[in-house]
1. Taking the residues in region C:151-189 that are within 13 Å of the chain's Cα centre (by Cα) and of a type in the set (Gly, Ala, Ser) as candidates, determine which candidate is surrounded by the fewest Cβ atoms within 10 Å (Cβ to Cβ).
2. Name the one entry in C:ARG135, C:ARG144 that is open to solvent by 10 Å² or more (accessible area, probe 1.4 Å), more than 9 Å from chain A (Cβ to nearest Cβ), of a type outside the set (Val, Ile, Thr) and out of contact with any Gly (no Cβ under 8 Å at 6 or more places or on another chain).
3. Are there any pairs, at least 6 apart or on different chains, whose C-beta atoms fall under 6 Å, with the first in region A:177-205 and in contact (Cβ under 8 Å) with a residue 12 or more places away in the chain and the second of a type in the set (Phe, Trp, Tyr) and open to solvent by 30 Å² or more (accessible area, probe 1.4 Å), and if so, which?
4. Might you check whether a residue that is more than 10 Å from every other protein chain (Cβ to nearest Cβ) and in contact (Cβ under 8 Å) with a residue 40 or more places away in the chain occurs anywhere in region A:51-63?
5. Name the pairs whose Cβ atoms lie under 8 Å apart, with the first residue in region C:48-66 and more than 10 Å from chain A (Cβ to nearest Cβ) and more than 22 Å from C:MET156 (Cβ to Cβ), the second open to solvent by 50 Å² or more (accessible area, probe 1.4 Å) and at pLDDT below 95, and 6 or more positions between them or separate chains?
6. Check whether at least one residue in region A:93-105 is within 13 Å of chain C (Cβ to nearest Cβ), β-branched (Val, Ile, Thr), more than 30 Å from B:VAL113 (Cα to Cα) and part of a helix (DSSP H, G or I), and report yes or no.
7. On the basis of being surrounded by fewer than 20 Cβ atoms within 10 Å (Cβ to Cβ), within 30 Å of B:LEU174 (Cα to Cα) and of a type in the set (Ser, Thr, Tyr), does A:THR122 make the cut?
Amino acid sequence: MSGGLWLRLLDGLLVTLQLTGYGAVLGLLFAFAAGLARLSRHRVVRGIAFAYTEGFRGLPALVVLFWLVFALPGLGFQLNPLFAGVLALSLNIGAYGAEVVRGAVLSVPAGQIEAATALNFTRWQRMRRVVLPQAVVAMVPPFGNLLIELLKATALVSLVYLQDLTFQGQIVRAATGNTAMTFFGLLVGYGVIALILTILMRLVERRAAASLGRAVRPGLLSGRTS
Amino acid sequence: MTRADQITFDGVSKKFGENVVLDDLSFGVAAGERVTLIGPSGSGKTTILRMLMTLTEPDSGTITVDGDNLFQEMRNGTLVPAREQHLRSVRRKITMVFQQYNLFPNMRVLRNVTEAPVHVLGLSQDEAEARARELLEMVGLADKIDAHPAHLSGGQQQRVAIARALAIRPEVLLLDEVTSALDPELAAEVLDVLRDVAKSTSVTMLCVTHAMKFARDISDRVLMFNEGRIIESAPPAELFDAPQHERTQRFLRSLREES
Amino acid sequence: MNFDWQTAWDSVPQLLQGLLIALQATALGYVLALVLGLAFALARRSHQAWLRLPVAFFVEFVRSTPLLVQLFFLFFVLPTVGLELSPMWTGAIGLGVHYATYTSEVYRSGIDGVPAGQWEAATALSLPRRRTWTRIILPQAIPRVVPALGNYAISMFKDTPQLTVITVAEMLSVVKALGSQNFQYLELITMAGLLYLVAALLIAWPVRIAERRYRKENA
């Protein structure tokens with residue numbers, strides 16, 4: 001395989017990492033916005049968030065992506081392709097993340113909120129100083145799983161001609177004619193990225209648990225939580 | 001009930017489902033008074049503290065603190081359900097220590113005690129810390145300032161919770177079975193701290209407890225609850241040594257057998 | 001440009017045919033995922049390291065790599081080793097193996113949730129290992145994981161549009177075929193999206209009922 005092809009794969013890797021990174025940031029934003037909105041006192045806010053989470057958990061990410069790239073221009077909007085990719089992926093992962101946020105907030109014991117009330121914190125201070133710092137710790141492991149799901153979903157953008165790792169893999173396959181090796185190599189590549197992300201998330205998990213003075217599970221790779 | 005009472009309950013009732021917890025209850029507590037609430041479990045004692053802390057609303061009746069109605073406020077000349085702002089203003093004088101301590105695990109000991117003074121009372125960080133150190137010294141935990149709550153014993157956690165409550169300079173301190181989750185030895189440490197508090201401050205105390213010796217030491221008055229009503233009210237020496245009501249006699253006998 | 005309702009409406013019969021094929025792939029893949037997932041879960045509880053470790057590695061590997069690339073791999077590589085399968089079967093195997101790595105985790109958590117006392121009781125009765133599994137452990141483990149397993153049926157259905165890359169004539173393939181004639185992608189993708197949504201909600205319905213029933217029983 002020539003140096004030019006290796007460079008292509010490197011370019012593709014960068015696009016994949018970009019999609020994963022931006023998608024994670026925007027997805028986190030959607031997750032918190034929708035997850036907290038589902039716990040709102042206002043019915044309309046709850047309703048919108050419910051529609052978003054149920055809707056995007058029922059829509060295939062690939063169809064959302066196709067809609068943004070091929071259908072939206074029919075309404076007169078042309079998105080930057082990378083942005084369309086990030087948006088489709090983060091809308092999808094954000095809907096699952098919203099459930100994580102909601103569940104984690106609800107898992108904070110009622111006694112914590114009562115104690116904060118007894119100290120006369122405002123509603124916002126209770127959330128910001130007591131509930132969220134504890135809820136976030138509970139969010140880290142499931143967010144780690146979602147990050148891997150996001151990484152895997154980035155491969156879909158190759159179908160709308162974004163030049164990510166999978167797209168460049170197809171080019172390499174066409175150039176070398178070595179189908180089995182190329183796809184296997186791609187899979188190993190994604191596997192290695194996933195492994196690195198898993199280890200990073202495990203480190204975050206440790207720090208998060210330590211912030212509550214909790215002991216942490218031993219080993220960086222022992223069984224993922226599902 | 002006299003006009004001078006700081007806290008008044010007037011015709012307060014509460015049901016949880018079919019279960020009547022408080023039944024048309026009226027009583028008052030004077031400023032600085034120490035009142036212990038006793039009675040079998042489910043007789044409504046804890047509900048009274050939770051109502052004063054605005055954690056549980058009554059179905060009917062009124063509760064006032066220093067003349068302010070807890071759950072209702074005047075708006076355009078009519079009484080309406082209190083909003084958060086009103087609740088916060090009445091909560092300012094009151095705080096509560098819980099059976100399960102409820103320390104914030106995301107903050108170390110010192111911050112547990114300084115958080116409300118800084119963010120609710122608006123004290124400076126230095127001021128709040130100086131006061132917190134004093135209080136932690138008083139509860140005998142000066143050396144645990146940087147510890148995580150999770151690394152403290154139950155008794156230590158409860159003593160931090162007491163320091164945290166005192167740090168906001170309450171006028172009314174509610175103590176909800178604060179030693180029920182503790183071994184006798186650890187419970188004794190906590191009760192000693194509370195005896196100190198009773199001696200050295202003038203805070204009004206409402207205390208739900210099964211620790212009879214402690215109740216006798218600190219109380220001005222003991223209220224015996226049964227089925228959502230007060231069936232006997234007297235100074236501790238009177239109520240413990242010569243209970244009038246048959247139900248009180250039976251309850252005290254069962255407590256003695258336990259210990 | 002406006003939304004052309006006529007085109008949208010006219011495309012429905014063909015889209016529905018695609019939906020039917022997507023559901024068929026989901027059904028085949030799901031059965032495979034249920035069976036294979038249980039096999040993986042049992043293998044990972046095995047006392048034999050030669051069985052336990054490779055399966056663990058395989059599960060973790062498949063679970064952390066894209067289904068899309070796995071589908072390419074199966075589609076192009078299986079024929080070279082003499083396995084000529086229809087696109088539908090290739091797709092069902094791709095979905096089934098991928099989701100078996102998820103269902104195996106679900107089974108595992110169900111098995112771990114059976115109290116240790118049950119194993120001890122089986123030992124005390126000196127039941128053979130196989131009988132302990134089939135009569136004691138699995139009958140307790142599986143009912144409690146039904147809702148979680150059901151959720152993966154929905155996820156799997158949502159992944160069927162990816163089968164378009166291996167020429168399965170599911171709904172997205174229909175969209176592409178019709179679109180290449182009339183270029184009215186807005187109408188076609190929007191209609192397809194609505195049908196996916198409706199179908200996913202219909203699949204979710206019994207799952208939610210099972211979830212609620214399970215929660216009530218354990219309340």
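The values are calculated or read from the model by the stated rules, or taken from the named source; none is laboratory data. Predicted model only: the values in this text are computed from it and were never measured. In this analysis, Cβ positions are derived from the backbone assuming ideal geometry, glycine residues included, and neighbour counts consider all displayed protein chains. For accessibility, only protein heavy atoms count, side chains too; no ligands or nucleic acids. Shrake-Rupley method; radii C 1.70, N 1.55, O 1.52, S 1.80 Å.
1. C:SER155
2. None of the other options fit; the residue is C:ARG135.
3. A:PHE183/C:PHE73
4. Yes, some residue in region A:51-63 is more than 10 Å from every other protein chain (Cβ to nearest Cβ) and in contact (Cβ under 8 Å) with a residue 40 or more places away in the chain.
5. The qualifying pairs are C:ARG52/C:ARG45.
6. yes
7. So A:THR122 passes the test.
Conditions tested, residue by residue: (1) more than 13 Å from every other protein chain (Cβ to nearest Cβ); (2) modelled with pLDDT under 95; (3) in contact with an Asp or Glu (Cβ under 7 Å, 6 or more places away or on another chain).
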position	(1), (2), (3)
A:ARG38	yes, no, no
A:ARG41	no, yes, no
A:ARG46	yes, no, no
A:PHE66	no, no, no
A:ALA71	no, yes, no
A:ASN80	yes, yes, no
